[in-house]
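Asks: My structure is below; once you've seen it, I'll send some questions.
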């Protein structure tokens, strides 16, 4: 079956053209089959249009109102339901307040789920994006533990063991148990008055944390010198693999001689697991001493020099976590976008769809203007790569944006503005002010500044200006506006 690119869709509520007679002349302008841009004010219906297109084309049911056309001859013949079964649809939006779309066989919502995403493909994408943006930026690996290890695992285990007959420990641990018990009893006697209880509960939580901190310092002093972070990092890794946290805590305190529990028998399985994790982690850090290891209160961290090194981390049994905390929201947004889109393409390829329509709603969100300049270039390169990688015949893209910088990458024939009476004009490589005026229907000066200038103009006409007015006048960056308000010959010193 011959595959042609789509040129238009009618959903009943909306009509959208992927191509028009003028844009068809630009064949080969992008590295994928088509990229179309949608503009419009907030509330103009950009998101609704994208969702409507996605629902219409990917619907498994026959819809009387659905009309989809491709580049066949004659072009007036719409695609049949059977032909539409060969087209997959991917939707992506990075914003948290997006619309929820239904699950369908031919549809993939690649939008982030805002949970923890840890995948080698995401790490690999980071280094590709950093390279494309010419950033000297690296992820960091971390070996360490968090305060929660003591609060949620070690302290409850210690308290449970302390109730066993014959339990014994040193004076510092006994004092901790006594102090912690007193604070807990105080918590239970807190007033039922809401405001009083909230105030006291917050204070009691602070006292409990201080008490646990003292235990943490004492425990660390009993662990191998300069290895407490590694030991506790290894213990944290072990807790992820063992269902019973009390078993882990009990093993830890007895193994390191911090308590005497007469009923405890050595847990050989946990001993082997902790020992292997500890030794592997220690060796991993030692091998990177020349790479600039940073020491933190509860961790060590070091730069990950390449995607291959990150992959090696995932293969090891060492207690090492890949951290993204040093990276800006902009680069993380781009990495997530390309990673999630690529995963959606893999899904489409697995389902044998060779024609994919990609709908991107404000994909440039979170990006600085400089990166908005590069966004279409990066996206074009990325989509061409995945099209080739997954053997797609046709990839078509529709992007909704509020960015005039992005609009400057498109000829006007590839831009649609949903606002009435605004027809994009001369967008490609045009000055931003022209794009803002002619394609967005607004001005490049903020409303606050415009109001200040209008008020200043009224006072100038009355001859009633203050020192602040003169400061505002001299600060106006647009020479034309400044000259119109106060011609140079009339200014003092001219």
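Asks: Looking at 252, 271, which is the one that is surrounded by 20 or more Cβ atoms within 10 Å (Cβ to Cβ) and in the same structural domain as residue 298 (by TED's automatic domain parsing)?
Replies: 252
Asks: Let me ask something else. Would segment 326-337 turn up any residue that is without any contact (Cβ under 8 Å) to a residue 40 or more places away in the chain, part of a loop (DSSP other than H, G, I, E, B) and within 29 Å of residue 216 (Cα to Cα)?
Replies: No, that holds for no residue.
Asks: Testing residue 335 on (1) buried (at least 16 other Cβ atoms within 10 Å of the Cβ); (2) modelled with pLDDT of 90 or more, one condition comes back false. Which one is that?
Replies: (2)
Asks: Got at least one residue in segment 86-98 being under 20 Å from residue 355 (Cα atoms) and surrounded by fewer than 21 Cβ atoms within 10 Å (Cβ to Cβ)?
Replies: Looking for residues that are under 20 Å from residue 355 (Cα atoms) and surrounded by fewer than 21 Cβ atoms within 10 Å (Cβ to Cβ), one finds at least one in segment 86-98, hence yes.
Asks: Something else about it: May I ask you to list the residues in segment 388-402 that are under 26 Å from residue 45 (Cα atoms) and crowded, with 19+ Cβ neighbours inside 10 Å?
Replies: 395, 396, 397, 398, 399, 400, 401, listed by residue number.
Asks: From the list 416, 385, 423, 347, which residue is assigned by TED's automatic domain parsing to the domain that holds residue 55, assigned to a strand (DSSP E or B) and surrounded by fewer than 23 Cβ atoms within 10 Å (Cβ to Cβ)?
Replies: One residue alone meets the criteria, 416.
Asks: Right, next: Going by the structure shown, is residue 320 within 20 Å of residue 113 (Cβ to Cβ) and in contact (Cβ under 8 Å) with a residue 60 or more places away in the chain?
Replies: no
Asks: Could you check how many residues of segment 126-167 are in contact (Cβ under 8 Å) with a residue 24 or more places away in the chain and closer than 19 Å to residue 303 by Cβ?
Replies: 15
Asks: Related question: What residue, among those in segment 356-367 that are out of contact with any helix residue (DSSP H, G or I) (no Cβ under 6 Å at 6 or more places or on another chain) and surrounded by fewer than 22 Cβ atoms within 10 Å (Cβ to Cβ), is farthest from residue 5 (Cα to Cα)?
Replies: If we take residues in segment 356-367 being out of contact with any helix residue (DSSP H, G or I) (no Cβ under 6 Å at 6 or more places or on another chain) and surrounded by fewer than 22 Cβ atoms within 10 Å (Cβ to Cβ), then 365 is farthest from residue 5 (Cα to Cα).
Asks: Taking segment 1-47, which residues are farther than 21 Å from residue 421 by Cα, touching a residue at least 60 places away in the same chain (Cβ under 8 Å), assigned to a loop (DSSP other than H, G, I, E, B) and within 32 Å of the chain's Cα centre (by Cα)?
Replies: 5, 29, 30, 31, 32, 33, listed by residue number.
Asks: Something else now. Taking the conditions exactly as written (modelled with pLDDT of 85 or more and assigned to a loop (DSSP other than H, G, I, E, B)), does residue 76 satisfy them or not? Let's see the steps before the verdict.
Replies: Working: modelled with pLDDT of 85 or more: no; assigned to a loop (DSSP other than H, G, I, E, B): yes.
No; evaluated as a whole, the condition is false for this residue.
The values are calculated or read from the model by the stated rules, or taken from the named source; none is laboratory data. No experiment lies behind these values; they were computed from the predicted model shown. Virtual Cβ from ideal backbone geometry, glycine too; neighbours counted across all protein chains shown.
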